[in-house]
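Have a look at the structure below, then the notes.
The values are calculated or read from the model by the stated rules, or taken from the named source; none is laboratory data. What you see is a predicted model, and the numbers here were worked out from it, not measured in a lab. All Cβ positions, even for glycine, are placed from backbone atoms using ideal geometry, and neighbour counts span all protein chains on display. Accessible surface areas use protein heavy atoms only, side chains included; no ligands, DNA or RNA. Shrake-Rupley method; radii C 1.70, N 1.55, O 1.52, S 1.80 Å.
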Amino acid sequence: MIRGKGFAYAAHRLWTRIAFTSAVLFATLSLCTALAQTPTTTPTTTATIALTPSATQTQAATATATATPPAAPTLTLTPNASASPTVTKTVTRTPSITRTRAQTRTATPAGGATPTATPSAEVVAGYIPVVGSLPGNFGSFFKTSVQLLNPGGSTIAGRLIFHPAGVAGSPSDPSVVFSLAPGQVASYPDLVGALGQSGLGSVDVTTGGGQPIPIVTTRIFDDAGASGTSGFTEPFILASTVPAQGSGFLLGPGDVSQFRYNIGLRTIGGPVTVTITVRDSSGHAVHSVTRTLDADFFMQTSAADLLGFSLGNDQSIEIDFSGGGLIAYGATVDNVSNDPSAQFLQYLTSPPLAQGTRTPSAPVLLALVVAMVGVGAGIVIAKR
């Protein structure tokens, strides 16, 4: 009986604990549910508050944009009514005048060649160092005639570009445009006159890229009218033979009282620094001067004016140059007959390899072959 009561009492205590634990768990779950619901209401309130300043800022920007435009068009319309049309017309006329001048500077050849358009990608094939059409001393009048021959089997098109003395040359200087069929010869009895020019200058001979170089014959002469002419043939200088720096000699007159003497200089590229040293007949330096000349510049003047020194009999003129190519010559004219002659600077240094590689001569090649055969034979004998 007592055991039955004890068992009932123990069961009662167990149920009491289970009920208490259940109540605690239920309370805990309720508390957690309440805490979980609290943040959900907080962001909703925050989002509502954030919307208010956004709307205020948008309204402020709209009011500002609406107020700005009305004043702008009123300020712009007033000045444009009077000034704009006149300025536009002035700017348009300026380039059209420049183009007209450039076209009229290309002269029609006097005869022989057919005028054509300037060849595309033209290259300078060579130079006629000096040309002229002008009066000289003692009643002389010097002119320059030029002949061109096409030695190839296809047409050659190019230009003769005249660069006046005393100024840097430009591709837009006065020019004669030529087109030569195979075997055709073009002749210009007075090249400078055919260009509508006068005075002294230098000429670039250009061709289209890849075309052969024409044969050029130039004669400078004193035109005495009914008494005929006297003159000399001037060499055509290939562009590939002019070194970027070098030196050489010219000889002055044997008798300075009988002949007048001028010196001509034509630069290629540049600017070119030129040092000229005068030596007496024994080789002693008696005078020296250094000058720097512009690119593609031509000048001819008396030796006394160029050097600031009067030449004596049989004196030599040493010319050293650097910075670009140089063609130099000395022109001697008889004071009685006006008979002219010229000598051109013979370069003492070889042109740089960049302007063309020289091919060994036949004797040199033969010597190399013999030497190689000899070396080979020596090797064979040594092995035996």
Mind checking which pairs have a first residue in region 244-257 that is under 14 Å from LEU348 (Cβ atoms) and a second that is β-branched (Val, Ile, Thr), Cβ under 6 Å, 6 or more apart or different chains? GLY246/THR349; GLY248/ILE319; LEU250/ILE317
Exactly one of GLY330, GLY270, GLY323 is closer than 26 Å to ALA168 by Cβ, open to solvent by 30 Å² or more (accessible area, probe 1.4 Å) and out of contact with any Ser or Thr (no Cβ under 8 Å at 6 or more places or on another chain), and that one is GLY270
Sole exception among (1) open to solvent by 20 Å² or more (accessible area, probe 1.4 Å); (2) touching a Lys or Arg at 6+ places or on another chain (Cβ under 9 Å) for GLY209, by number: (2)
When you check SER288 against the structure, is it within 15 Å of ASP320 (Cβ to Cβ) and in contact with a Leu (Cβ under 6 Å, 6 or more places away or on another chain), yes or no? no
Take the conditions in contact with an Asp or Glu (Cβ under 7 Å, 6 or more places away or on another chain), assigned to a loop (DSSP other than H, G, I, E, B), open to solvent by less than 50 Å² (accessible area, probe 1.4 Å) and not acidic (Asp, Glu) and apply them to GLY254. Does it pass? yes
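Per-residue answers, yes or no, for (1) in contact with a strand residue (DSSP E or B) (Cβ under 7 Å, 6 or more places away or on another chain); (2) farther than 21 Å from THR332 by Cα; (3) among the polar types (S, T, N, Q):
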{"position": "GLY139", "(1), (2), (3)": "no, no, no"}
{"position": "SER145", "(1), (2), (3)": "yes, no, yes"}
{"position": "LEU148", "(1), (2), (3)": "yes, yes, no"}
{"position": "GLY158", "(1), (2), (3)": "yes, yes, no"}
{"position": "VAL185", "(1), (2), (3)": "yes, yes, no"}
{"position": "LEU195", "(1), (2), (3)": "yes, yes, no"}
{"position": "ASP204", "(1), (2), (3)": "yes, yes, no"}
{"position": "THR207", "(1), (2), (3)": "yes, yes, yes"}
